[in-house]
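Working notes for the structure below.
The values are calculated or read from the model by the stated rules, or taken from the named source; none is laboratory data. Owing to the predicted nature of the structure, the values given are computational and were not obtained by experimental measurement. A quick note on method: Cβ atoms are made from the backbone with ideal geometry, for glycine too, and the neighbour counts reach across all protein chains shown. Areas reflect the complete protein model, heavy atoms only, side chains present, ligands, DNA and RNA absent. Shrake-Rupley method; radii C 1.70, N 1.55, O 1.52, S 1.80 Å.
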Amino acid sequence: MLHFEGLRRRIIKYYFTIIIITIVLFEGMFIFYIQNYYYDSVEQSLTSHAAYTRDSYNTIYTESSSFETKANSVIEKENMKANSKFSVQIIDKNKNLIIDQYGIRTNEKVEYEDVNRALADSSNLVPYNYRIVDTNEHLMSISFPLKVNNVIEGVVRYTVSLNEIDKTIFKLVLGLILAGVLILLITISISLRFAESLIQPLRELKEFANELAHGNYNIKLKNKKIRNDEIGDLAQTFEHMAGEIDKTRRLKEEFISSISHELRTPLTSIKGWSETLGYENISKDELDLGLGIIQDETERLIKLVEELLDFSRLSSDRIRLQIDMVNIEALTKGVVNQLKVKAIENNIKLTYRFEVENLVTIQGDKNRLRQVLINLVQNAIKFTPPEGYIEIIVSQNEDFTTVKVKDTGTGIKSENLEKVLEKFFQEDFHKSGSGLGLAISNEIVKLHGGKIHIESEKDVGTIITFTLKNKILESI
């Protein structure tokens, strides 16, 4: 059962209104045209006959004959035309009806507007429409003056019934109205189908949205009901949105699992060693070992918390750079010296190379740029097996400084190259980390007016390149 409400009602209402206005305007103009066409035809014929009779009378008849004789001649002449459509009357200048087309002679007084205009020799001799009160017959008449030597002797009056023409016009109007009603019915039918073609996919989109609201992100739209149009684009957007929400949900779940593990491991170590250090008779070596582990695990927790804080600031656009002049050469050497011990512990060679001598200082936030480089090198150490190497390559031109971190690590799968810069993403969740390091580094580089580019081949190695503007606006 159809319910005429909501979008369906609006569509039908607008369609119906537009079609009604169109039909009324079209049929109104068409009816006006038909009526004028038929009436104009009668007017032309009446005017032509009356003008012909007037011209003949004015040129043929003379003053020697009486007006009544002339009137009889006119009637006889008109009867010979065998034209039964028109009624002819001869009226004298005193408005007396002298004779009609049937030869009836009477002195009946006539009072018609067209007769008065003709006797007044008006220049506006136009047909006159009227109805007979007793019979309600619709008539059209026209009168022309009959002159001899430019003196009016009487009037010739032609009259025709419009009843048959009115019936014909009525039939045409009735046909147009019926056609209009048919068009309206067809329009309603088409608008219903059109409304249904819109409502059905929208109804499915609504159901799809309800499923999303209840956490069902694996639902798929029935594509056969979705057309290749704007609604189809919206449906594809919904599906894409569901996929992205599901991916984000899984990434967050994996992130929570990973971060929980990352927090639990150092806390367990700190708790265990703090209890161990409380025992009596503990040796100095054990004390030093325990304190060292506690210190390392505390630094690990601090780094994790800092990443989470940076992530929070990035999400709310609250990271602000402290712009200063940065010696990129000194910064690179400092990071290498800081992480060289860790690289040696993993039997990895860590080096740097400057492709340009006398690197100029650049504008930037030294601490944030150090954070980026440390993140990239630590990631390289984490994913590079023993006997591998990591090289930092720095180049510079007039406008940009480019830093490459090249390693011989496990590499990144090609389908994940665009994902590794996303928040929470980790290709290998068995490795320690929050999945935020690269995402945070990418945002910091963007704030410096630069960008990060990643090249990688699985089991061969990775090159991460970030480019910085040598001069950036102080307002950043």
Any chance you could tell me what percent of the C-alpha pair distances in the range 269-410 go past 22 Å? 55 percent
What length, rounded to one decimal in nm, is gained on full extension from Glu455 through to Val173, with 0.36 nm per residue of separation minus their alpha-carbon distance? 93.6 nm
Between Arg370 and Met241, take the C-beta separation as r, use R0 = 35 Å, and let me know the FRET efficiency to the nearest 0.05. 0.40
Other residues with Cβ under 12 Å from the Cβ of Ala330 give, with Lys and Arg +1 and Asp and Glu -1, a net charge of +2
Unit-weight point scatterers at every alpha-carbon of the range 121-240, Debye formula, q = 0.09, 0.19 1/Å: log10 I(q)/I(0) is -0.57, -1.03
What are the extents of the Cα atoms of the range 346-430 along their three principal axes, in Å, largest first? 41, 30, 24
Excluding residues fewer than 8 places away in the same chain, name every one of the lysines whose C-alpha is closer than 18 Å to that of Lys147. Lys70, Lys77, Lys93, Lys95
The range 318-397 - accessible surface per residue (Å², probe 1.4 Å): 53 Å²
Roughly how many percent of the accessible protein surface of the range 350-405 is carbon and sulfur, given a 1.4 Å probe and a whole-percent answer? 44 percent
Between the DSSP loop rule and a limit of at most 14 other Cβ atoms within 10 Å, which GluC sites (Glu not before Pro) in the range 93-181 are left? Glu108, Glu111, Glu137
Inter-probe distance in nm under a simple model that places probes 7 Å from Cα toward Cβ, at Ala213 and Thr17: 3.0 nm
Work from the charge dipole of the range 101-174 (Cβ charges, +1 for Lys and Arg, -1 for Asp and Glu, about the Cα centre) and give the residue of Tyr130, Thr168, Val148 farthest towards its positive end. Thr168
Computed lengthening from Val181 to Asn397, 0.36 nm per intervening residue step minus Cα-Cα distance: 69.9 nm
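Let me know the volume per residue of the alpha-carbon convex hull for the range 357-407, in Å³. Working shown, then result.
Values: hull volume 4.2 nm³, N = 51.
Per-residue hull volume (Cα only) is 82 Å³.
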